[in-house]
Amino acid sequence: MNYKLRSLVAATITGSLMLGLAQHATADSTTDIVNALISKGVLTEEEGALLTKGRSNELDSQKKKEKSFATGKVNVRGYLQIRNTAMLGGDEGVNLWSDRSVGDDRSIGNDKNFLIRRARVVFSGDVGERLSYYIQPDFASSAGTTGNIAQLRDAYGDVYITKNREHRVRVGQSKVPYGFENLQSSQNRLALDRNDALNSAVRDERDLGAFYYYTPEDTQKLFKEIQAAGLKHSGDYGQFALGAYNGQGANRGDLNDNYHIVSRFTYPWKNESGQIYEVGIQGYHGQYVPSTGTYNRTGGSTTTTPVFEGAGASGNNLTRGGNRNGFKDERVGISFMMYPQPFGLQAEWNWGKTPGLDLAANQIQEKSLNGGYVQAMYKIDNFKFLDTNGTLIPFIKWQYFDGYNKAETNAPENHVNDWEVGAEWQIAPEVEFVAYYHKMKRNNLVTGSLSGRKDYETFDADALRMQLQYNF
């Protein structure tokens with residue numbers, strides 16, 4: 001074959017190669033053309049091999065990649081929680097900031113009696129060996145007086161640095177690794193609400209950031225064992241965690257160009273009898289910018305709005321001097337868990353600095369806080385009632401908090417000294433019912449126009465709280 005003809009054929013084949021690569025073709029049409037030309041004597045075998053050199057490896061790599069994406073499964077699951085509260089006595093017109101179903105006809109809001117507390121759907125799965133994804137919206141969020149609207153809770157990916165998944169980086173909106181109960185899913189938690197002392201650290205337990213997690217293979221196996229046994233685990237958030245996040249809470253943008261830094265270490269172990277324990281320590285540091293609004297301390301028509309300490313003479317928070325970037329927001333906490341086998345004990349405590357409202361000065365200032373909880377439980381398997389055979393977990397919980405809720409408007413003072421006594425009945429894997437007596441002594445953080453009522457007052461009230469949960 002003369003030189004010009006061979007050059008023309010080579011150019012044609014090269015163009016075909018480039019087009020095939022651009023379109024990520026799965027069939028090797030170029031190789032078929034080369035083989036046909038060799039069979040007709042247009043090209044020699046050596047010339048054909050030279051033209052298709054490296055093409056085979058490229059196709060194999062592309063096919064493996066496409067197969068990896070094609071075989072990835074999308075897991076869909078979720079749960080629905082419906083609550084009802086009966087007030088048993090104490091002060092009237094109270095509100096519980098974490099559960100709008102708590103209250104009577106003198107309470108602020110219109111969410112009494114039955115309430116859909118959570119309606120979650122989770123989409124998750126693996127894409128290849130290096131990426132897992134997790135997306136969770138909630139269809140029971142509220143905005144103003146409108147309830148049951150959709151809001152994003154989680155949206156992140158786990159990038160695995162090692163194939164054994166010991167090292168990974170999570171980027172997106174996810175739970176901040178601070179506290180055991182904060183990380184525990186509401187689907188698994190015994191008490192209807194998380195304790196105020198640690199839950200006040202991170203609004204909605206979540207934020208947008210990047211977190212490094214290290215979980216040795218032995219710890220991964222133990223975490224899976226705890227989860228499979230239904231022992232109320234918190235999930236795998238690493239034996240060691242280190243991360244940076246915006247700091248203002250889920251679905252809220254950063255206000256001060258200042259990262260919050262968090263770290264956590266937890267250590268689970270099993271003794272010779274098979275009893276599993278876990279201890280942990282965690283801490284974070286950052287600057288938090290609270291929001292302000294009017295509140296009523298007279299019980300009449302007079303309202304006031306607090307200013308940041310250090311604000312200008314005009315009271316304009318935009319010229320707040322040394323608090324331009326917010327207030328010191330830092331904590332350290334400890335956690336202990338003796339998993340219910342059948343008796344269990346769970347306890348956490350934390351201390352720190354936070355922005356808080358000083359009512360006397362009508363200023364938001366840097367304040368100290370401390371608080372936590374202790375919970376005892378007993379797991380009874382094969383609990384039979386009528387023709388059911390489920391699990392019953394009686395529990396008692398005491399929580400205490402001397403601090404402030406930075407994420408609520410005006411970062412109000414919050415003193416809590418509550419008792420909860422009740423039980424969770426797992427009727428079947430798909431249905432759970434919780435009922436307990438809740439003795440509340442705390443600040444009322446829900447503000448609004450109610451004649452004769454002073455905002456942020458302390459109240460005492462007793463309630464029977466119930467929840468039916470569907471798992472699907």
- prompt: Looking at Asp138, is it touching a Phe, Trp or Tyr at 6+ places or on another chain (Cβ under 7 Å) and acidic (Asp, Glu)?
  reply: no
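Tell me the residue from Asn148, Asn164 that is farther than 20 Å from Asp207 by Cβ, surrounded by fewer than 17 Cβ atoms within 10 Å (Cβ to Cβ) and at pLDDT 95 or above, please. Give the derivation first.
Values: Asn148 fails: at pLDDT 95 or above.
Checking each option against the conditions leaves just Asn164.
Could you please let me know if Thr219 is among the β-branched types (Val, Ile, Thr), crowded, with 21+ Cβ neighbours inside 10 Å and modelled with pLDDT of 95 or more? If you could, list the steps in order and put the result at the bottom.
Working: among the β-branched types (Val, Ile, Thr): yes; crowded, with 21+ Cβ neighbours inside 10 Å: no; modelled with pLDDT of 95 or more: yes.
Against the criterion (among the β-branched types (Val, Ile, Thr), crowded, with 21+ Cβ neighbours inside 10 Å and modelled with pLDDT of 95 or more), Thr219 does not qualify.
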message: Conditions first: (1) touching a helix residue (DSSP H, G or I) at 6+ places or on another chain (Cβ under 8 Å); (2) open to solvent by less than 20 Å² (accessible area, probe 1.4 Å). Gln136 passes all but one, so which condition is the exception?
response: (1)
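Tell me, yes or no, whether the stretch 204-213 has at least one residue that is over 24 Å from Gln151 (Cα atoms) and either at pLDDT 95 or above or loosely packed, with under 14 Cβ neighbours inside 10 Å (or both). First the steps, then the outcome.
Initially, the stretch 204-213 is screened for residues over 24 Å from Gln151 (Cα atoms), giving 212-213.
Now drop any that are not either at pLDDT 95 or above or loosely packed, with under 14 Cβ neighbours inside 10 Å (or both), which leaves 212-213.
Within the stretch 204-213, one or more residues are over 24 Å from Gln151 (Cα atoms) and either at pLDDT 95 or above or loosely packed, with under 14 Cβ neighbours inside 10 Å (or both).
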statement: Counting only residues that are open to solvent by 50 Å² or more (accessible area, probe 1.4 Å) and not aromatic (Phe, Trp, Tyr), the stretch 259-278 contains a total of 5
Tally of residues being open to solvent by 80 Å² or more (accessible area, probe 1.4 Å) and under 20 Å from Gly352 (Cβ atoms) across the stretch 279-305: 2
message: Looking at the structure I just gave you, is Gly452 over 21 Å from Asn195 (Cβ atoms), of a type outside the set (A, V, I, L, M, F, W, C) and at pLDDT below 95?
response: yes
field: Qualifying residue in the stretch 59-76 (condition: modelled with pLDDT of 90 or more and among the hydrophobic types (A, V, I, L, M, F, W, C))
entry: yes
query: Can you find a residue in the stretch 454-467 that is over 13 Å from Ala191 (Cβ atoms), open to solvent by 50 Å² or more (accessible area, probe 1.4 Å), without any contact (Cβ under 8 Å) to a residue 60 or more places away in the chain and in contact with a strand residue (DSSP E or B) (Cβ under 6 Å, 6 or more places away or on another chain)?
result: yes
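The values are calculated or read from the model by the stated rules, or taken from the named source; none is laboratory data. Here the structure is a predicted model, which means the values were calculated and not measured. Cβ atoms come from the backbone with ideal geometry, glycine included; neighbour counts cover every protein chain shown. These area figures cover heavy atoms from the full protein model, side chains too; ligands, DNA and RNA do not enter into them. Shrake-Rupley method; radii C 1.70, N 1.55, O 1.52, S 1.80 Å.
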